[in-house]
Amino acid sequence: MPKKKTGQRKKAEKQKLRQKEIRNARENVDLAAHPCNVPMECDKCQKKQKNRAFCYFCQAVQRLPTCAHCGKVKCMLKSGDCVVRHPGVFTTGLAMVGAICDFCEAWVCHGRKCLTSHACTCPLMDAVCLECERGVWEHGGRVFRCCFCQGFLCEDDQFEHQASCQVLESETYKCQSCNRLGQYSCLRCKTCFCEEHVRRRGVRTDRRAAPPCPRCAYPTHVTADLSMSTRSHRYGRQGAALPDDDDDDLPNDAGYAGVEGGDYSSYSESEESDESEESESEEQSEEEAAPSHKQT
């Protein structure tokens, strides 16, 4: 018979599990909720942007800077790991600042732990947008991750990219290495793989976990579970081409008839009106020439 657990033992086990969950949650912080990526409003120009040491628009220094690693605005440690000692005094503003991160362009407090660990673990170290290819220093908005391919996105392109992220680069769902139907799809490479080519020989993978992509080693997903679509081609003008100088009367959204369902009704009406005006002018010229011929 196993011994019955006491109340103190149960309490210790629950506390141990809770501490483990806290540690895991601290390591897997969402990028949008990280202190170096929180929203900030400038004190002078009143424009919203990412947490920065200087305003992206007016270059003004913030009155209450926020630490990019721990997220505190006021240092209340009397005897901590602060590089600048301030016993019995609470520090705010630039008195709390110790450095500026080269990656996220945000203040780092004068705590020894933040100064030594933030530069190595900054989540915006390689934050280059997939769509516009801009870094943190080249735009003023926040940085997000795509929920499908886990790529970095700026605040301007996040919705447009996620709306078109589940589109394959090929025109069919067939495997890239053979002609069979691709059962697994990689959301980064935008390709499909069959069961044989996704589980290569010599590569040991966990049977319970999703097999990695043979190209980028990103975890693949079952194609049937995703709303993947194939690449499609659109022919015709599609309303994107600007009208030429000779076709000023044409509307911009007029496409080719039969392909994009274009409507040339306005163009045909203009041709008919031009033809009618030309016929009327010819009749008037003939009438004017007829009496002049009789008089002679």
Given the Cα-Cα distance of ARG199 and ALA99 and 0.36 nm per residue of separation, how much length would full extension add, in nm? 31.3 nm
Could you work out the percent of alpha carbon pairs in the stretch 31-121 separated by over 22 Å, rounded to a whole number? 24 percent
Can you tell me how much longer the chain between ALA217 and LEU181 gets when fully stretched, taken as 0.36 nm per residue apart minus their C-alpha distance, in nm with one decimal? 10.9 nm
Inter-site label distance for GLU169 and GLU133 at 7 Å from Cα along Cβ, in nm: 1.5 nm
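Laboratory data are not the source of any read-out in this text; all were calculated from the coordinates shown. What you see is a predicted model; the values in this text were computed from it and never measured. All Cβ positions, glycine included, derive from the backbone under ideal geometry; neighbour counts span all protein chains shown.
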